[in-house]
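For reference, the structure is listed below as structure tokens.
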Amino acid sequence: MRAATMAAAHRLLLGGLSLALLVVAAIAAAAGGGAGPAAVVGKTAVVSLRELEGGRGAARQTRSARRYADAKLAEMLGEHKKSGAARTSTTVLELKHHSLAAIPDDPSARDAYLRRLLAADEARANSLQLQKNSRASTQSSAEVPLTSGIRYQTLNYVTTIGLGSGAAAAANHTVIVDTGSDLTWVQCKPCSSCYAQRDPLFDPAASATYAAVRCNSSACAASLKAATGVPGSCATTAGAAEKCYYALGYGDGSFSRGVLATDTLALGGAARLDGFVFGCGLSNRGLFGGAAGLMGLGRTELSLVSQTSSRYGGAFSYCLPASTTSTTDSAAAAAGSLSLGGDTSSYRNKTPIAYTRMIADPAQPPFYFLNITGAAVGGKPLTASGLGAGNVLIDSGTVITRLAPSVYGAVRAEFARQFGGYGYREAAGFSILDTCYDLSGHDEVKVPLLTLTMEGGAEVEVDAAGMLFVVRKDGSQVCLAMAGLPYEDQTPIVGNYQQKNKRVVYDTVRARIGFADEDCSFV
């Protein structure tokens, strides 16, 4: 996360989706395979508490979604008959969502654990507000696994990368995936002050292709300043060549400091990128959970998106999983994906991709903005002065969506009216979540869904898994998973919790962001 709190990490498992797997997935989707106990009813969803807790199961497809899946399957089969193979190759990086069993079962321990994670998310959201005044050729594709960071003590998503050559290439590094940051960095040996991480530290001495960036390079000056807000500094140690040092600070006091370097980057063990510029962190502290570092997917020159634009055309997408398994074994956890490149052959979207304009803010160059012009809860349109009033940040590194006070007030009031009308009892608020209910004794609940209308008419319906946050496992405290900002003129944020089970496409060349419904849980 850039100039903000990073509280997340997800394990990235390599995956390659062949045409055969895509066909099987589409057939299963078209047939309603994998559907759990949840059923979409109009603009509401009937969902089990087990599903809200992270169990397997997805809302059944609407009739239009099934028709689209059937049409897509027919198109895929027709293409297969013509060519006998997929038109473009895709390397898949998996995104996983680990089981909430990683959260303590004891009510008091669980309470403290969730409060800490939500407080970290609040610090990130606040720091993003503070940043407001601070500062195409031949295309191929890569797709990598993306997972939940629950077992890394965070509510964000992580993936696994490889760095270096020789002995160094044997180690994996689990990094937080963040669209609000630019510089990718990992903790390195010899670390003068490092937080505890699950993976081994990256060892530059074990990689024959590692090289420190020289101080007279553009990466050390203008590029680093655009990515971090601070240009590099120069120093020499023990008679070695002069090196460029970076200092990256986040709004909550977290930081990473070290050597700006280049080495070979491996994405899911398949796609290899030579000369990748990254931060080799020698002094790091903050809310990074047990992750090895961070992957920056922002918009400046040092981001992964920009550094790979000649290969991937400045486009990427992700699908964030909502479901989890009953095990903390990362190899068995359900996973989503991070796709680098504009190839759509690996997508399993159930609805067509609807695009809206990607807005740039010169004062905040790394970030992706869009405009939300309308909203509805349970199909009922809302009126609020904050709709269409300014740029909205879409961010993979923020968990809970923050809305302008006028918009959140309208959403909360209509949600409470409909949800309370179903007979569910109110409960005390929790941390930043102020609209909570006692759902104990209910195996299933009927959830009004939030629909956001984007500039240009694209509609995004929040998945049932993104509507409610389960605080207590017995269902006695379940909260609306959104919050309001303190002031109307602050920047609203669409967080990752409300992006679950969506294919979110970032096309920087055409300046557009796309959304489609997709079951993001692969096993």
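The values are calculated or read from the model by the stated rules, or taken from the named source; none is laboratory data. Everything numeric in this text was worked out from a predicted model, so none of it was measured. Neighbour counts are summed over all protein chains in view; Cβ atoms, including those assigned to glycine, are modelled from backbone coordinates with ideal geometry. The area values use the complete protein model at the heavy-atom level, side chains included, leaving out ligands, DNA and RNA. Shrake-Rupley method; radii C 1.70, N 1.55, O 1.52, S 1.80 Å.
Computed values, structure above
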quantity: Any pair with Cβ under 6 angstrom, 6 or more apart, that starts in the range 470-495 at a residue that is under 17 Å from D111 (Cβ atoms) and ends at one that is open to solvent by 20 Å² or more (accessible area, probe 1.4 Å) and of a type in the set (D, E, K, R); calculated: V470/E53; S476/D438
quantity: Only one of R285, R311 that is modelled with pLDDT of 85 or more, over 25 Å from A205 (Cα atoms) and either surrounded by fewer than 24 Cβ atoms within 10 Å (Cβ to Cβ) or out of contact with any Leu (no Cβ under 8 Å at 6 or more places or on another chain) (or both); calculated: R311
quantity: From L260, L183, L224, L163, residue being in contact with a Cys (Cβ under 7 Å, 6 or more places away or on another chain), of a type in the set (A, V, I, L, M, F, W, C) and open to solvent by less than 10 Å² (accessible area, probe 1.4 Å); calculated: L260
quantity: A292 more than 22 Å from N126 (Cα to Cα), of a type outside the set (V, I, T), buried (at least 16 other Cβ atoms within 10 Å of the Cβ) and at pLDDT 90 or above; calculated: yes
quantity: Scan of the range 466-483 for residues that are in contact with an Asp or Glu (Cβ under 7 Å, 6 or more places away or on another chain) and not in a loop (DSSP other than H, G, I, E, B), ordered by number; calculated: V470
quantity: Residue list for the range 191-221, restricted to those being open to solvent by 60 Å² or more (accessible area, probe 1.4 Å) and under 16 Å from L302 (Cβ atoms); calculated: R214, S218
quantity: Within the range 197-239, considering residues that are basic (K, R) and assigned to a loop (DSSP other than H, G, I, E, B), the one modelled with the lowest pLDDT; calculated: R198
quantity: Some residue of the range 415-432 being assigned to a helix (DSSP H, G or I), crowded, with 21+ Cβ neighbours inside 10 Å and of a type in the set (A, V, I, L, M); calculated: no
quantity: Enumeration of residues in the range 241-257 that are over 29 Å from the mean Cα position of the chain (by Cα) and open to solvent by 40 Å² or more (accessible area, probe 1.4 Å); calculated: A241, E242, K243
quantity: Within the range 174-186, tally of residues that are assigned to a strand (DSSP E or B) and either within 14 Å of D263 (Cα to Cα) or out of contact with any Leu (no Cβ under 9 Å at 6 or more places or on another chain) (or both); calculated: 2
quantity: Flag if G466 is on the phi > 0 side of the Ramachandran plot and open to solvent by less than 10 Å² (accessible area, probe 1.4 Å); calculated: no
quantity: Filter result (touching a Gly at 6+ places or on another chain (Cβ under 8 Å) and hydrophobic (A, V, I, L, M, F, W, C)) within the range 231-246; calculated: C244
